[in-house]
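Before any comments, here is the structure.
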Amino acid sequence: MTMAAIKIQNDEKRFFDKELRKQREISFCCIHKTKPQVMLEIKDAISVLNKVEGIISLSIKSPNKLLINYSIECLNLKLIESALIELGFHLNNSLRIKLRRALYHYSESVEQENLGINLEATDSTQRLFINRYQNMQHGCRDSKPLHWRKYL
């Protein structure tokens with residue numbers, strides 16, 4: 001299966017400033033998993049991140065890497081990775097990847113401060129969970145019978 005063939009783009013594409021777009025790789029841990037399991041985990045991550053505001057495109061680069069394009073007007077890599085970890089995805093934590101992440105986190109935070117963007121006020125992680133909750137199937141949660149609910 002070719003990894004470059006799988007590419008997903010958001011339907012509601014906003015045209016962000018090209019200078020504020022970032023393209024990063026997110027590496028998933030593949031120590032205790034087979035390649036199909038890691039691919040399934042990456043596809044699940046794509047389905048979760050697909051509707052998040054600020055993400056421009058998502059694609060699979062290799063069996064354990066997700067290529068993500070996003071705008072730092074709405075997100076940064078630290079928020080994306082922390083949301084993925086909180087949802088239960090296992091990211092690669094090798095020394096080289098940790099150093100790369102730290103450099104990206106620092107450079108994006110400095111760039112956002114220089115532009116006057118405060119992401120802590122918007123709380124993109126909370127919007128990610130709200131979006132996921134709204135897309136889930138929900139049934140009637142009221143335990144009362146129907147005739148009691150329509151009484152009066």
Requested in this report: Return the residue satisfying two criteria in turn: it lies in region 102-135 and is modelled with pLDDT of 70 or more and of a type in the set (A, V, I, L, M), and of such residues it is nearest to the chain's Cα centre (by Cα).
Outcome: Ile130
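This table checks each residue for (1) in contact with a Ser or Thr (Cβ under 8 Å, 6 or more places away or on another chain); (2) modelled with pLDDT of 90 or more; (3) not in a helix (DSSP H, G or I).
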position	(1), (2), (3)
Asn93	no, yes, yes
Ile97	yes, yes, no
Arg100	no, yes, no
Lys144	no, no, yes
Query - Residues located in region 75-90, provided they are under 19 Å from His32 (Cα atoms) and buried (at least 17 other Cβ atoms within 10 Å of the Cβ) - result: Leu84, Phe89
Query raised in the report: Residue check, Arg101 against (1) within 22 Å of Ile130 (Cβ to Cβ); (2) surrounded by 15 or more Cβ atoms within 10 Å (Cβ to Cβ), all met but one. Which one?
Result: (1)
Query raised in the report: Within region 51-74, how many residues are polar (S, T, N, Q), out of contact with any Phe, Trp or Tyr (no Cβ under 8 Å at 6 or more places or on another chain) and at pLDDT 90 or above?
Result: 3
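So that you can scan it fast, the table gives a plain yes or no per residue for (1) among the aliphatic types (A, V, I, L, M); (2) under 21 Å from Arg100 (Cα atoms):
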{"position": "Ile46", "(1), (2)": "yes, no"}
{"position": "Ile60", "(1), (2)": "yes, yes"}
{"position": "Pro63", "(1), (2)": "no, yes"}
{"position": "Leu66", "(1), (2)": "yes, yes"}
{"position": "Ile72", "(1), (2)": "yes, yes"}
{"position": "Ile80", "(1), (2)": "yes, yes"}
Query raised in the report: What about Lys13, is it basic (Lys, Arg), modelled with pLDDT of 90 or more and under 24 Å from Ile130 (Cβ atoms)?
Result: no
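The values are calculated or read from the model by the stated rules, or taken from the named source; none is laboratory data. Predicted, not measured: the structure shown is a model, and the values here were computed from it. Note that each Cβ is placed from the backbone with ideal geometry, even for glycine, and that neighbours are counted across all protein chains shown.
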